[in-house]
Structures are given as structure tokens and as C-alpha cells.
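To keep things clear, I will list the structure first and then write my remarks on it.
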Amino acid sequence: MVRIGISVEGPTEERFVKMVLEPYLAAKGIYMTPISMGGDVNVERAKNELKKIANNFDFVTTLYDFYGFKKRLGNETKEELEQRLIDSVHAGVKPRLIPYVQMYEFEGLLFSCPESMARGLNDSDVLQWCQDVLSEFNGNPEAINNSVETAPSKRLLKHTKYRKTTHGPNIAEEMGIPKIREMCLGFHEWLCKIESLAK
């Protein structure tokens, strides 16, 4: 049995972990507990949060949105940001940390399956719209872009009746982790690292 504390950005991610990710990983002997940062994520806050929770778990990880990450340095990439998280944490936390920053935000994952999104939102018109967005980004949900107008959540709020905390985890549950892994390489690679801890 492996116990992992996961520092998440807010209530949507917390609910996603509890409803969808935790049951999926529990079947593999990995027990994940989400702790919400309540937004306003930056390296300094994350460093303090990870130190605080590390003593209660075998390992710690993160689920923060790249788009919402505050105080990024210039053109800092996802990989550079994750490395900065590792470099910043307390020496005792460092070997037990698997940092993960989601491109560009959690809602990108929801574009993995247009059919599930349409069912989750109970709106058949969403199917074609979601397929069109996905096509625009060559079928890669994690490439749906980082801007005030066109980030995944902004698209959903503009074109659908999406309610973040309710619909987000429900849609993810509808599509299932295997489908998200198939479509989202960054998310898949993170879970491979998590799963390797149980071996």
C-alpha cells in the first residue's frame, strides 16, 4: 500500500481526485488524498504546503494548472516549473515529490471525449462543438491554449452551461481515466510515475 498526498489547486481538482482518480489508483494499491490550496498557486505557497503535508504520506504530488500558476518566470515551460518546484522544497520532501503541472488547465482533460462531455452537460449540441475544438488542436486536449479568452474553461463557460465544480469531475468520471490517458500524454506520463511507486 502506498499513501500519496496530492496538493491540488482548488475544489474542482479536489473533487476530481476523490471521485475519479482515487478509486482508479486504489485498485492498484495506491491511496491518494487531495488537499486543496484554494487557488492562488505559486512556488512559494506550494513549497510550504508540501512541507506541511509530507509527514503524513509516503509520497507527495501536485495537480496545478499551468494557466493559473502565479509568478511564472518569463517564458517558463511546464517542465521548468516542475523543476522549480523540486528545487524549492525542503530537502526531506525532495526525494518523495512527484511534481505535476497540467497543461493548460484541468478543463483541457474534459475535451478527451466529446461524447462524454455532451452527456455530462446533457447537451447534444456540445458534441460537434467539442469535436471542432479538438480538431483545431490536432486532437490534443493538452494543447488547448493558455489565454484569457481561449483557455479550456473559458471556452466551456462561453459555449455551454458548464459549472466548474459540478460538471468538471462528473464529465471526467463519465469518460474515465483510461480515455483521458489515451488522449493526454502529459497526464498519462504523470500517472505512470505514480503507478511505479507501487512496484
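For the chain, the longest principal axis of the Cα atoms and the long axis of helix 185-196 meet at an angle of about 40 degrees.
Close amide H pairs (under 5 Å, H built 1.01 Å from N) link T61 with G5, I6, S7, I98, residues at least 5 positions away or on another chain. Nonpolar atom fraction for the chain, defined as the carbon and sulfur part of the 1.4 Å probe accessible area, stands at 50 percent. Mean residue ellipticity, 222 nm, helices only, the chain: the sum of -39500 (n - 2.57) across DSSP H runs of n ≥ 4, divided by residue count and rounded to 500, is -13500 deg cm²/dmol. Just checking the listed ones, L121, L157, L50: in the Gaussian network model of the chain with Cα springs under 10 Å, the one fluctuating most is L157.
Here's how it looks for I144: its modeled amide H is under 5 Å from those of Y104, which are all 5 or more places away or on a different chain. Per-residue accessible area (protein heavy atoms, 1.4 Å probe) orders T33, T62, T150 as T33, T150, T62, starting from the largest. Looking at the stretch 29-104, the accessible area is 46 square angstrom per residue; that uses a 1.4 Å probe and ignores ligands, DNA and RNA. S124 exposes around 100 Å² of accessible area when a 1.4 Å probe is run over every protein chain in place. Using θ = phi - 60° in the Karplus curve 6.51 cos²θ - 1.76 cosθ + 1.60, the 3J(HN,Hα) couplings for the stretch 112-126 round to 5, 9, x, 4, 5, 5, 4, 5, x, 9, 6, 8, 5, 5, 5 Hz; x is entered for Gly and Pro. Ranked by the mean number of other Cβ atoms within 10 Å per residue, highest first, peptides 70-82, 5-17 order as 5-17, 70-82.
The values are calculated or read from the model by the stated rules, or taken from the named source; none is laboratory data. Remember, it's a predicted structure, so these values are computed and weren't measured experimentally. Using ideal geometry, Cβ is built from the backbone for each residue, glycine included, and neighbour counts are taken over all protein chains shown. The accessibility values were calculated without ligands, DNA or RNA, using every heavy atom of the protein model including side chains. Shrake-Rupley method; radii C 1.70, N 1.55, O 1.52, S 1.80 Å.
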